[in-house]
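Participant: The structure that follows is given in the form of structure tokens.
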Amino acid sequence: MAKSAYVFPGQGSQRIGMGQDLYASSPLAREVFDEADAILGFPLSHLCFEGPEKELTKTSNVQPAVLATSIAYLRTAQQASNGNLPSPLFIAGHSLGEYTALVAANVLSLSDAVSLVRERGRLMHEAGQKNPGGMLAIIGLELKVIEDICLRSKCDISNINCPIQTVISGAVEPLAKAKKLASAKGARRIIPLNVSAAFHSSLMDPVLAEFNEVISSFAFHPPSIPIIANVTARALTDVASIKEELLKQLRHCIQWQDSIEYMIQNGVTSFYEIGPSMVLSSLIRYTDSEVQTMSISKLEDIAQLKAQG
């Protein structure tokens, strides 16, 4: 019997209009967005549905927006699928998506998760104000080559996403140097990411102590499903290790490729990407072309799931 995992996308997967069709048709989705609006004290749902894009992409807005949208898709799909959405063996989320996974595994309530990632986004932006920097996705260079580039430029590897895509983070001048070095080494593409800071790098250090205090202020519960950690690519099964993971994840590399490989090695043959994009599905296929990937990112995907069987 096929074994499945759920994966949730992170910052960068947002789009204007995300979740609007769900809100119009699903009472469960309306509950999710209405709860997020209420806990934040402003209409986050309107930002998701109508923008403006400049406001939606602000780090402190986009993180709760993507989380709420992903949970709206998950809950709607679970209710509407007629049992055709299998229960997962594992769940995982990419960066911000790890917080969506915590809601899916009953570690955090939706309201607490929305509040927590709002604070996370605020602190990440604040770190970027203190130490300006950015992120580059490098396509088509081996990891060893990128490690050497980071050593020479004083940048950090921030995401190892799949065999052909690695993301680096750094301050403005080191990142410019790294871009030149990557180009000289024959990178197929070098893509600046639309983010406000050098996430998952040492430039996040100034806000770690405050973020640790923020984490400590929320109620966590043991996960009902093993969550594969971004930093260690191993299963999180207790509250203490989850809190430690969230703090480390802010400044350490996201080991997404290793996380996918771990789940495959432990029996997963199909991945459901649940949220506003299909970005993780392509990374998974680059990691292992034999596994099946399915996206739940629009109303039609839920209708198709419902019609199966």
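The values are calculated or read from the model by the stated rules, or taken from the named source; none is laboratory data. Everything quoted here is computed from the prediction, not taken from an experiment. Note that we place each Cβ from the backbone using ideal geometry, even for glycine, and neighbour counts take in every protein chain shown.
Participant: On the given criteria, is ALA92 under 20 Å from the mean Cα position of the chain (by Cα) and either more than 27 Å from HIS252 (Cα to Cα) or not β-branched (Val, Ile, Thr) (or both)?
Facilitator: Here the answer is yes, as ALA92 does meet what is asked.
Participant: Turning to a different aspect of this structure: Condition first: in the same structural domain as GLN63 (by TED's automatic domain parsing), within 24 Å of VAL7 (Cα to Cα) and in a loop (DSSP other than H, G, I, E, B). Can you find one or more residues in segment 206-216 that meet it?
Facilitator: Looking through segment 206-216, none of the residues is in the same structural domain as GLN63 (by TED's automatic domain parsing), within 24 Å of VAL7 (Cα to Cα) and in a loop (DSSP other than H, G, I, E, B).
Participant: Yes or no: segment 141-156 includes at least one residue that is within 16 Å of the chain's Cα centre (by Cα) and of a type outside the set (Gly, Ala, Ser).
Facilitator: No: zero hits.
Participant: Related question: Which condition from (1) at pLDDT below 95; (2) under 20 Å from GLU142 (Cα atoms) is the one that ASN194 breaks?
Facilitator: Unmet for ASN194, out of (1) at pLDDT below 95; (2) under 20 Å from GLU142 (Cα atoms): (2).
Participant: Pick from segment 278-293 the residues that are part of a helix (DSSP H, G or I) and of a type in the set (Ser, Thr, Tyr): which of them is nearest to LEU305 (Cα to Cα)?
Facilitator: Applying the filter and picking the extreme gives SER281.
Participant: Restricting attention to segment 257-275, does a residue exist that is assigned to a loop (DSSP other than H, G, I, E, B) and either in contact with a helix residue (DSSP H, G or I) (Cβ under 7 Å, 6 or more places away or on another chain) or at pLDDT below 95 (or both)?
Facilitator: Within segment 257-275, one or more residues are assigned to a loop (DSSP other than H, G, I, E, B) and either in contact with a helix residue (DSSP H, G or I) (Cβ under 7 Å, 6 or more places away or on another chain) or at pLDDT below 95 (or both).
Participant: Suppose we filter segment 201-238 for residues that are over 30 Å from SER87 (Cβ atoms) and either within 21 Å of the chain's Cα centre (by Cα) or among the hydrophobic types (A, V, I, L, M, F, W, C) (or both); how many remain?
Facilitator: Of the residues in segment 201-238, 11 are over 30 Å from SER87 (Cβ atoms) and either within 21 Å of the chain's Cα centre (by Cα) or among the hydrophobic types (A, V, I, L, M, F, W, C) (or both).
Participant: If you don't mind, another one. Consider GLY17 against the criteria (1) surrounded by fewer than 18 Cβ atoms within 10 Å (Cβ to Cβ); (2) on the phi < 0 side of the Ramachandran plot: it satisfies all of them except one. Which criterion is unmet?
Facilitator: (2)
Participant: Within segment 247-267, can you find the residues that are crowded, with 22+ Cβ neighbours inside 10 Å and aliphatic (A, V, I, L, M)?
Facilitator: LEU250, ILE254, ILE260, MET263
Participant: To continue, here is another question. Residue check: is ASP37 at pLDDT below 95 and of a type in the set (Asp, Glu)?
Facilitator: no
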